[in-house]
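Novice: Structure below; questions to follow.
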Amino acid sequence: MTIQANWTEVLTPEGAMPAWWARPDAPRAAVLVLPEVFGVNGWVRSVADRLAEQGYAALAISTFWRTAPHLEAGYNEAGLALGREHRDQVKAEQLRADVAAAAAWMQQHHSADGLAHKPLGCVGFCFGGHLAMLAATLPVIAASCDFYGARVSTDRPGGGGVPTLADVPQIPGRLWCFCGDQDPLMPPKELSAIQQALAAGPGQRHRFLMAPGAGHGYMCEARSDFHPEASAAGWGAMLQLFGEAL
């Protein structure tokens with residue numbers, strides 16, 4: 001399988017949004033990748049590339065493009081502080097608009113790949129996981145994976161309104177939330193709230209997956225909390241969902 005991977009730009013009503021585009025020869029479907037607070041760095045690009053190796057066209061979008069379009073912060077205290085500074089400037093409706101623009105870009109500009117009429121998946125990590133829950137409310141998203149998206153039970157990007165978790169009943173597709181039971185950023189109260197919200201959904205469309213012994217960021221090989229077993233299980237479950245829904 002031949003994979004093409006490169007930087008591109010997605011035009012939105014507000015301007016050009018940088019994105020990493022990884023595409024196999026004949027994609028089975030497309031997936032949006034929403035990055036951690038550290039930006040579309042090497043690891044996030046590798047996620048898109050690995051999805052392409054599994055047959056999915058993957059677009060990793062810069063969720064901070066309005067304030068830091070090419071952010072690639074390091075996995076350290078300074079990088080975390082910088083990322084959080086830009087995180088706090090993201091608004092929920094801006095994110096939804098960006099996801100809609102990215103979906104339209106893939107479907108309209110790559111119709112030759114057969115993506116125009118295929119369902120779309122989404123996966124996000126850390127703050128990107130929080131955003132993946134928001135993205136799941138859009139009709140264009142058929143399946144979304146939220147990896148350790150903290151503060152969904154208490155906060156909403158941009159402030160105001162209800163916490164993001166309150167939007168779960170509006171999700172038309174499927175949402176799987178992945179959390180580590182040793183995550184200091186997601187206390188038991190939040191984990192319980194997420195589990196209850198997903199369980200209240202109709203049928204078996206949503207799932208809550210707890211990773212034993214895993215902390216925050218356990219999917220990422222570049223982070224100190226990387227957990228090989230939990231990461232492999234998370235990757236496998238994500239592919240299972242996309243295989244079923246996309």
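Novice: Please specify each residue of segment 1-14 satisfying the condition of being in a strand (DSSP E or B) and touching a residue at least 12 places away in the same chain (Cβ under 8 Å).
Specialist: I3, Q4, A5, N6, W7, T8, V10, L11, T12
Novice: Being out of contact with any helix residue (DSSP H, G or I) (no Cβ under 8 Å at 6 or more places or on another chain), surrounded by 15 or more Cβ atoms within 10 Å (Cβ to Cβ) and not in a helix (DSSP H, G or I) is the filter here; which residues of segment 218-238 pass it?
Specialist: Result: R223, D225, F226, H227.
Novice: If you check G83, G74, G42, which single one turns out to be surrounded by fewer than 17 Cβ atoms within 10 Å (Cβ to Cβ), under 17 Å from the mean Cα position of the chain (by Cα) and either modelled with pLDDT of 95 or more or not hydroxyl-bearing (S, T, Y) (or both)?
Specialist: Of the residues listed, the single one that is surrounded by fewer than 17 Cβ atoms within 10 Å (Cβ to Cβ), under 17 Å from the mean Cα position of the chain (by Cα) and either modelled with pLDDT of 95 or more or not hydroxyl-bearing (S, T, Y) (or both) is G42.
Novice: For segment 86-115, what are the residues that are surrounded by fewer than 16 Cβ atoms within 10 Å (Cβ to Cβ) and outside any helix (DSSP H, G or I)?
Specialist: The answer is D88, Q89, K91, G114.
Novice: With the checklist (1) under 16 Å from F242 (Cβ atoms); (2) touching a Leu at 6+ places or on another chain (Cβ under 9 Å) in hand, flag the one item H86 doesn't pass.
Specialist: Only one criterion in (1) under 16 Å from F242 (Cβ atoms); (2) touching a Leu at 6+ places or on another chain (Cβ under 9 Å) is unmet by H86, namely (1).
Novice: While we're here: Determine whether G74 is of a type outside the set (A, V, I, L, M, F, W, C) and assigned to a helix (DSSP H, G or I).
Specialist: Here the answer is no, as G74 does not meet what is asked.
Novice: With (1) farther than 22 Å from R156 by Cα; (2) among the β-branched types (V, I, T); (3) surrounded by fewer than 23 Cβ atoms within 10 Å (Cβ to Cβ) as the list, and V31 as the residue in question, which single condition is left unmet?
Specialist: (3)
Novice: Looking at (1) out of contact with any His (no Cβ under 9 Å at 6 or more places or on another chain); (2) in a loop (DSSP other than H, G, I, E, B); (3) crowded, with 23+ Cβ neighbours inside 10 Å, which is the one condition that is false for T63?
Specialist: (1)
Novice: Name the residues in segment 211-228 that are within 15 Å of C179 (Cβ to Cβ) and out of contact with any Phe, Trp or Tyr (no Cβ under 8 Å at 6 or more places or on another chain), would you?
Specialist: Answer for segment 211-228, where residues must be within 15 Å of C179 (Cβ to Cβ) and out of contact with any Phe, Trp or Tyr (no Cβ under 8 Å at 6 or more places or on another chain): P212, G213, A214, G215.
The values are calculated or read from the model by the stated rules, or taken from the named source; none is laboratory data. Quick caveat, the model's predicted, so the values are computed rather than measured. Ideal geometry is used to build each Cβ from the backbone, glycine not excepted, and the neighbour counts take in all protein chains shown.
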